[in-house]
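Undergrad: Dropping the structure in here first, questions after.
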Amino acid sequence: MAELVFYSGTMDCGKSTLALQLNHNHSARGRAGLLFSCNDRAGDSTISSRLGLQTGAIEVEPETDFWEQVVLRRTHGAALDYLICDEAQFYQPVQIEQLARLVDEMEIDVFAFGITADFRTRLFPGSQRLIELADRVHVLQVEALCWCGRRATHNARTVDGVMVVEGDQVVVGDVANAAPEDSVGYETLCRRHYMRRVTAHSANQLAEKDQLLPFDVSDLEVCAVPPKP
């Protein structure tokens, strides 16, 4: 039976890589599919992975109707077994409902990939509707890491290296090589540092401000610890 499956996770956890791998696996078994994306970091009509993989896709616009896309192709005799839907957090809730309808009424598998929450920890409308309607929701096992080494659980938006919690929900950016001079960037943080708003840039700044001890450690009197009998 066809399913609507939502693969979620933070930025930099391999969602697009998995999307491309799933497409390869299904197409290698003779199944016909369509790839969709929205606001990919590499540009329109693209699914790209930070590992360097990239392929063409249909760009999802606010007015895109998935039902019409499929009906048009099937009317012209094209086989269609599955859809790969990357960056699904940017889709409209009504588009998620169209995907669910395709699963139920046309027996087409839909594999959706996206971030669950935005930089304010609020659910994206598309992701919320997927959680509500999906047959299965998978949190990806490849863990993104915070700068401190802990598991990253939140996506932080930075402006000039400083974390911000206000602004438009959708601003395209990337976590890779995000330098402080970049106007807008993203960083994955653990909950502790997200709540404290401590990014890698601000942590480095704090470290640089740390003062050395106002004395030479060699001047300290060290008490010898007697050896154990």
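The values are calculated or read from the model by the stated rules, or taken from the named source; none is laboratory data. Note that this is a predicted model, so its numbers are computed, not measured. Here the Cβ is made from the backbone with ideal geometry for all residues, glycine too, and neighbour counts use every protein chain on show. SASA here: full protein model, heavy atoms, side chains in, ligands and nucleic acids out. Shrake-Rupley method; radii C 1.70, N 1.55, O 1.52, S 1.80 Å.
Undergrad: Where is the GNM fluctuation largest for the chain (alpha-carbon springs, 10 angstrom cutoff): Ser27, Ser49, Ser16?
TA: Ser27
Undergrad: Net charge near Asp168, counting Lys/Arg +1 and Asp/Glu -1 over other residues with Cβ under 14 Å of its Cβ? The partial results should precede the final answer.
TA: Values: positive: Arg120, Arg122, Arg157; negative: Asp118, Glu166.
For residues surrounding Asp168, the net value is +1.
Undergrad: For the chain, what is the convex hull (Cα atoms) projected area averaged across all directions, in square nanometres? Each step should come with its number before you reach the end.
TA: Numbers: hull surface 79.9 nm².
Hull-based average projected area comes out at 20.0 nm².
Undergrad: Tally Lys and Arg at +1 and Asp and Glu at -1 over the other residues with C-beta under 11 Å from the C-beta of Thr46: what net charge comes out?
TA: On the way: positive: Arg41; negative: Asp40, Asp44, Glu59, Asp86, Glu87.
Local charge sum for Thr46: -4.
Undergrad: In a Debye calculation with equal point scatterers on the alpha-carbon sites of the range 37-168 and no solvent, what is log10 I(q)/I(0) at q = 0.11, 0.12, 0.13, 0.22 Å⁻¹?
TA: -0.46, -0.55, -0.64, -1.52
Undergrad: Given the Cα-Cα distance of Gln128 and Leu206 and 0.36 nm per residue of separation, how much length would full extension add, in nm?
TA: Numbers: separation 78, 0.36 × 78 = 28.08 nm, distance 3.69 nm.
Gain in length upon complete extension: 24.4 nm.
Undergrad: Oh, and also: Heavy atoms of the protein only, probe of 1.4 Å, neighbouring chains included. What is the accessible area of Asp168 in Å², nearest 10?
TA: Near enough 110 Å² of accessible area.
Undergrad: Suppose only helical runs count, i.e. DSSP H with n ≥ 4. What mean residue ellipticity at 222 nm does that imply for the chain under -39500 (n - 2.57) per run, divided by all residues and rounded to the nearest 500 deg cm²/dmol?
TA: Numbers: 6 runs with 63 residues, N = 229.
It lands at -8000 deg cm²/dmol.
Undergrad: Okay, next question. Contour minus end-to-end for Gln169 and Asp81, with contour as 0.36 nm per residue of separation and end-to-end as the Cα-Cα distance? If you can, show how the numbers build up before the last one.
TA: Working: separation 88, 0.36 × 88 = 31.68 nm, distance 3.29 nm.
Taking Gln169 through Asp81 to full extension adds about 28.4 nm, to one decimal.
Undergrad: For Arg150 and His138, compute 0.36 nm times the residue count separating them, minus their Cα-Cα distance, and round to one decimal in nm.
TA: Numbers: separation 12, 0.36 × 12 = 4.32 nm, distance 2.07 nm.
Result for the pair: 2.2 nm of gain on full extension.
Undergrad: On a 0 to 90° scale, report how tilted helix 15-28 is relative to the longest principal axis of the chain, with both axes built from alpha carbons and the result rounded to the nearest 10.
TA: Here the helix axis deviates by roughly 40 degrees.
Undergrad: Let me ask something additional. Spin-label point model (7 Å from Cα, Cβ direction): what's the Arg31 to Glu59 distance in nm?
TA: The two pseudo-label positions are separated by 2.8 nm.
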